[in-house]
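Asks: Quick one: the structure is below, questions incoming.
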């Protein structure tokens, strides 16, 4: 189920963060106490169905209590074309799992991820960027949940 806000999101337990992309999806996982967030290998996919199948596999393996998905918004807070695709993905995923799903604004996470990765080859950056972005998205969500 997609939650409108964070109030009903579980306060304890493992959660998964996703940085959605048409071809690559970054993945990060927080431990049960949410003190540590770890990147996972990004998912390289050819279709939305393949991505959902892969995310469901991760859910089965990690048994999280909720999902956090980065939401790319324009600087003024309005939806972009990509925002609509992310919402469609979340809607499809919510029909396959009972886990609560929240969105966290992801503006500037790629830039922050690039800074965190540092100077590496283009190939290494492409392999890590989306999951590091998912890690930042998840860390932002955890900080937000702690403030509530």
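Asks: When residue 21 is evaluated against the numbered criteria (1) under 14 Å from residue 135 (Cβ atoms); (2) surrounded by 12 or more Cβ atoms within 10 Å (Cβ to Cβ), which criterion, by number, is the only one it fails?
Replies: Of everything listed in (1) under 14 Å from residue 135 (Cβ atoms); (2) surrounded by 12 or more Cβ atoms within 10 Å (Cβ to Cβ), residue 21 misses just condition (1).
Asks: Let me ask you something else. Being surrounded by 14 or more Cβ atoms within 10 Å (Cβ to Cβ) and at pLDDT 95 or above is true for just one of 45, 65. Which residue is that?
Replies: 65
Asks: Are any residues in the stretch 24-49 within 21 Å of residue 73 (Cβ to Cβ) and more than 12 Å from the chain's Cα centre (by Cα), and if so, which ones?
Replies: The one that is within 21 Å of residue 73 (Cβ to Cβ) and more than 12 Å from the chain's Cα centre (by Cα): 48.
Asks: Which ones in the stretch 52-71 are over 18 Å from residue 1 (Cα atoms) and touching a strand residue (DSSP E or B) at 6+ places or on another chain (Cβ under 8 Å)?
Replies: Within the stretch 52-71, 54, 62 qualify.
The values are calculated or read from the model by the stated rules, or taken from the named source; none is laboratory data. Only a predicted model underlies this, so the values are computations on that prediction, with no experimental measurement involved. Note that each Cβ is placed from the backbone with ideal geometry, even for glycine, and that neighbours are counted across all protein chains shown.
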